[in-house]
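One structure below.
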Amino acid sequence: MTYRTKLLTLLTCLVVVSNGLLAGAHYVQCKSALETEIHRKSRSIAATAAALLEPEVIKHIRNRDDENTPAYATLQSELRKVRAANRRNDTWLQRIFILMPAQQDPRVLEYVVDAEERFEYVHHPGDIYLRNDQPVGIGLEGIEKLADQLKGFQAGYRSSFAPIRDTAGRLVAIVGVTTVPTMYSTMYGLRSSIWGACAITLALTILFAVFLLRAVNRPLETLRRLIDSVGSGDFTVATSTSPSMTGEFARVANSIRAMAAGLRERDTIKRAFSGYISRQVLDAIIAKGELPALKGERRRVTVLFSDIRGFTTMAESMSPEDVVRLLSEFFDRMVEVILRHQGTIDKFLGDGMMVIFGAPLDDPYQEEHAVTAACEMQRELRTLCAKWQAEGRATLKMGVGINSGAAIVGNIGSAEHMEYTAIGDAVNLAARLESATKELGLEIIVSEHTYSAVRPLFHWKSAGEITLRGRSEPVRAYTVEV
C-alpha cells in the first residue's frame, strides 16, 4: 500500500468515525428531547382529564355490574372526549383509563373505567391492572411517586399518570394515558438529514484529501527521482533545478543536493586517486572514513623502481605522437598490474616509475606483492612486445629493482607544493638495483632484505654481490624467475 493510499484511508476512517460519533450523539440527544416532550404532553393530558372527573362518582364503581349505571356512562363519556380531543398529528392518544386500589389488597390496582371500545382490548371494572403480565403492587401512592419519571414501570415516555383527589385532598384514583409514538417520522427525517450531512462531509473530505495528496505527491515524486538519481551514481542533481518546493520539502531537496555534491566530490577524489593507489587501499581509506596520517612517519616499505632500457635512443627515431602512444599503452598495462597488487604509484620518472608497497596503509604481505607485481610486469611487457612486433613497431625491455626497509613516508615538500612520497636509504638502494639490471643484463634484481621475506614463494637465482654506485660496500642481490 502506497503512502498516498494509506493517508487517504486514514483520513477517510477518521472522518467516518468522528462523524459517526457526532451523528450518533446528536441523534440520541434529539430522540431524548422528543421523548421528553411526548411524555410532558401525556402528563398534561392525564392532569386535564383528572381535573374533569368527579371523585365521588368514581368511588361508587367497584365491579362489572356498575358498567350499566349512569355514573359509569358519564365517566366513560368524559374519557372518550378527552381521547378524541387529543388525537392530533403531534399527539395521538391511544388509551385513557381510571385505576383504583383493589378492596382485597390496596397495593394491587384495578380498572374502574376504560375508554376502549374494542371488546378484545377493553378492561372492565374490577380487572387487575397488569404490567408485563404481572400485577402492579405499589398502590396509588407508588404510581404517584413514579409519575414524574420518564422510564420505569409506566412503560417509558408513552405512558403517564395523574392523581384524582377528593375535596379533602385524599387520593381516590389515578388517570392513566397511553399515547401512540408520533415522532418516528420526525426521527426518520432527522436520521436521513444526519446521514446525508455525514455523506456530504465524507465526500468533501475525500475530495480535499485527494487534492492534498496530489499536492504532497508532486514534491515527494521529485524527491524520489532525486534520490534514485543519486543511488544510480548520477550526481549531476547537485546542480540541477527542479519544480519549486517550499517548507520541509525544499529543505529535504536542498539536503539531497548537498549530499549529491558531497558524493560527487568524493567520487571525483576517488577517481583521481584510483590512478595512483590500488582500489583495495582506496576502498579501505573510504571505509575508514578518514585519511591515513599524511605527516612524515618512519615505516617499513617495499620500493619498486622500473625503467625502459634504451628508450632515449629509440625515442629519437620516433615521432612525438608515436612516443606518447607507446608510453601510454605501456603504462596502462604496468599500472594495472601494480594496482592489482596493492601498490601505490609514487611518481613517473620519464619512461620509468617509482612504486611503494606498504603505504599509505600497512601491508603485511608487501614483499610478496612487490615481487609478484614485478614478475607480472615483465610478462605483460612480453605480451606487448609480441603485439608491437606483429604490427611492425619497436619493442622494449625493462629493468626492475626491489628493496625493503625503513623509510620516511608522508607529505614532503614546501607549503606551496607537497607530494606523498618515500625517502631514505631503502629507496636509494632500490633505485640503484634497478640501474644495475642494465649492467648485469637481468630483468629483475631484488635485495637481500626483500629476498629473506619471500624466499620460499619464488624461484630464485643469486646475482652475487653487486657493487653499486654511491655505496662503499657491495650488496648481495638475487633475481627471480619470471
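The values are calculated or read from the model by the stated rules, or taken from the named source; none is laboratory data. On a predicted model such as this, the values are computed, not experimentally measured, just so you know. Ideal geometry is used to build each Cβ from the backbone, glycine not excepted, and the neighbour counts take in all protein chains shown. For the accessible areas, the whole protein counts, side chains as well, though only heavy atoms, and no ligand, DNA or RNA atoms are used. Shrake-Rupley method; radii C 1.70, N 1.55, O 1.52, S 1.80 Å.
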> Is there a residue in region 365-383 that is outside any helix (DSSP H, G or I) and over 20 Å from ILE445 (Cα atoms)?
Replying inline: no
>> Which numbered condition in (1) on the phi > 0 side of the Ramachandran plot; (2) at pLDDT 90 or above; (3) open to solvent by 10 Å² or more (accessible area, probe 1.4 Å) is the only one that GLY358 fails?
In response: (3)
> Taking interchain pairs and intrachain pairs at least six residues apart, which have beta carbon atoms under 8 angstrom, with the first residue in region 453-476 and at positive phi and the second outside any loop (DSSP other than H, G, I, E, B)?
Replying inline: GLY464/ARG476; GLY464/ALA477; GLY470/ASN428; GLY470/ARG432
> In this structure, does VAL28 turn out to be part of a helix (DSSP H, G or I) and under 27 Å from ARG170 (Cα atoms)?
Replying inline: no
>> Go through region 436-448 and report how many residues are touching a residue at least 40 places away in the same chain (Cβ under 8 Å) and surrounded by fewer than 19 Cβ atoms within 10 Å (Cβ to Cβ).
In response: 1
> So which residues in region 36-51 are touching a Leu at 6+ places or on another chain (Cβ under 9 Å) and closer than 21 Å to GLU117 by Cα, if there are any at all?
Replying inline: SER42, ILE45, ALA49
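Yes or no, residue by residue, for (1) modelled with pLDDT under 85; (2) within 30 Å of GLN103 (Cα to Cα); (3) aromatic (Phe, Trp, Tyr); (4) open to solvent by less than 30 Å² (accessible area, probe 1.4 Å):
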residue	(1), (2), (3), (4)
ARG165	no, yes, no, no
ALA168	no, yes, no, no
ALA173	no, yes, no, yes
PRO181	yes, no, no, yes
ARG191	yes, no, no, no
ALA199	yes, no, no, no
LEU202	yes, no, no, no
PHE208	yes, no, yes, no
> Does ASN403 meet the test of being closer than 22 Å to ALA463 by Cα, touching a Leu at 6+ places or on another chain (Cβ under 7 Å) and of a type in the set (S, T, N, Q)?
Replying inline: yes
> Tell me, which residue of region 361-370 that is in contact with a Ser or Thr (Cβ under 6 Å, 6 or more places away or on another chain) and open to solvent by 10 Å² or more (accessible area, probe 1.4 Å) is farthest from GLY410 (Cα to Cα)?
Replying inline: GLU367
> Of the residues that make up region 226-239, is at least one open to solvent by 40 Å² or more (accessible area, probe 1.4 Å), modelled with pLDDT under 65 and not aromatic (Phe, Trp, Tyr)?
Replying inline: yes
> Which of (1) open to solvent by less than 50 Å² (accessible area, probe 1.4 Å); (2) outside any loop (DSSP other than H, G, I, E, B); (3) of a type in the set (A, V, I, L, M, F, W, C) does ILE408 not meet, given it meets every other one?
Replying inline: (1)
> What pairs can you find where one residue is in region 366-377 and aliphatic (A, V, I, L, M), the other is in a helix (DSSP H, G or I) and open to solvent by 10 Å² or more (accessible area, probe 1.4 Å), and their Cβ atoms are less than 9 Å apart, with a gap of 6+ or different chains?
Replying inline: VAL371/TYR451; VAL371/LEU457; ALA373/ARG340; MET377/ARG333
> Which condition breaks for SER42 when tested against (1) farther than 30 Å from GLY196 by Cβ; (2) of a type in the set (S, T, N, Q); (3) surrounded by fewer than 18 Cβ atoms within 10 Å (Cβ to Cβ)?
Replying inline: (3)
> How many residues, within region 465-482, are open to solvent by less than 50 Å² (accessible area, probe 1.4 Å) and within 19 Å of ALA426 (Cα to Cα)?
Replying inline: 6
>> Just to be sure I understand the filter: pairs with C-beta atoms under 6 Å, separated by 6 or more residues or on different chains, first member in region 317-333 and under 13 Å from LEU396 (Cβ atoms) and open to solvent by 30 Å² or more (accessible area, probe 1.4 Å), second member in a helix (DSSP H, G or I) and of a type in the set (D, E, K, R). Which pairs pass?
In response: ARG333/GLU380
> Take the residues of region 42-73 that are part of a helix (DSSP H, G or I) and hydroxyl-bearing (Ser, Thr, Tyr): which is farthest from ALA85 (Cα to Cα)?
Replying inline: TYR72
> What number of residues within region 414-428 satisfy the criterion of being assigned to a strand (DSSP E or B), open to solvent by 60 Å² or more (accessible area, probe 1.4 Å) and modelled with pLDDT under 85?
Replying inline: 2
